[in-house]
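Peer 1: Next up is a structure, given as structure tokens.
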């Protein structure tokens, strides 16, 4: 698991026991600050706790850090290519 998490910049955000003996459930993300995780009670006679992960209260952390936009203007090369295709 260490190779997977380190090579992809992922972090395990479940830090509480998901079963009586330890952490069996994984929640991997590259942006751990945008999630809050909670341990909820067991359901019925299950030996697993319920996990809840939801977006953090601060919505500003959900905004992308950097937005890349390509040049969408019509280029002279495209115009020339269209002219060439139509030329007999």
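Computed from the coordinates by the stated procedures, all read-outs in this text should not be read as laboratory data. The model shown is predicted, which means the values in this text are computed figures rather than measured ones. Cβ atoms come from the backbone with ideal geometry, glycine included; neighbour counts cover every protein chain shown.
Peer 1: Based on the mean of other beta carbon atoms within 10 Å per residue, what is the order of 72-79, 16-23, most packed first? Could the numbers behind the result be given before it?
Peer 2: Working: 72-79: 8.0, 16-23: 11.6.
Peptide ranking by packing, descending: 16-23, 72-79.
Peer 1: Can you tell me the Rg and the Dmax, both Å, for the Cα atoms in the chain?
Peer 2: Looking at the chain, its Cα Rg and Dmax stand at 24.2, 79 Å.
Peer 1: Another one. For helix 76-86, report the angle its Cα long axis makes with the longest principal axis of the Cα atoms of the chain; keep it between 0 and 90° and round to the nearest 10°.
Peer 2: 60 degrees
Peer 1: Evaluate the distance, in nm, between pseudo-label points positioned 7 Å from the Cα of residue 83 and of residue 42 along their respective Cα→Cβ axes.
Peer 2: So the two model labels end up 7.7 nm from each other.
Peer 1: Full extension from residue 74 to residue 21: what is 0.36 nm times the residue separation minus their Cα-Cα distance, to one decimal in nm?
Peer 2: Separation in residues times 0.36 nm, less the Cα-Cα distance, equals 12.9 nm.
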